[in-house]
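The structure under discussion appears below in the form of structure tokens.
The values are calculated or read from the model by the stated rules, or taken from the named source; none is laboratory data. Computed from a prediction, not measured in an experiment: that's the story for all the values here. So basically every Cβ, Gly included, is an ideal-geometry build from the backbone, and we count neighbours across all protein chains shown.
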């Protein structure tokens, strides 16, 4: 209820999310609450891509490591994170990207 008063939520294309396969969620990043709100609104596992430096933040890093978040380095051109994201899609996860 609190969120409904101060935060405007808009989901477009939810009807295109199939329950029997993985998919990409492209999300407009407005705040650090976004992943939490998506988790509440979508009842499927979501594996996000996140900047690897966030994993060094004490509590946040622990939370990210334990909730299927994929670290991605902006400096590295190796495809390890992308390969992990593809694996998660093949396992049926939704992969969340905040471009």
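Worth pointing out:
- Residue check, residue 50 crowded, with 16+ Cβ neighbours inside 10 Å, out of contact with any helix residue (DSSP H, G or I) (no Cβ under 9 Å at 6 or more places or on another chain) and either in a helix (DSSP H, G or I) or touching a residue at least 12 places away in the same chain (Cβ under 8 Å) (or both): no
- Residues of region 64-99 that turn out to be in contact with a strand residue (DSSP E or B) (Cβ under 7 Å, 6 or more places away or on another chain) and surrounded by 13 or more Cβ atoms within 10 Å (Cβ to Cβ), as a count: 16
- Pairs are defined by a Cβ separation below 6 Å, a sequence spacing of at least 6 or placement on different chains, a first member in region 68-89 that is on the phi > 0 side of the Ramachandran plot and without any contact (Cβ under 8 Å) to a residue 60 or more places away in the chain, and a second member that is surrounded by 14 or more Cβ atoms within 10 Å (Cβ to Cβ) and not in a loop (DSSP other than H, G, I, E, B); the pairs so defined are 68/47.
- Note on region 19-40: residues that are at pLDDT 80 or above and exposed (fewer than 11 other Cβ atoms within 10 Å of the Cβ) total 4.
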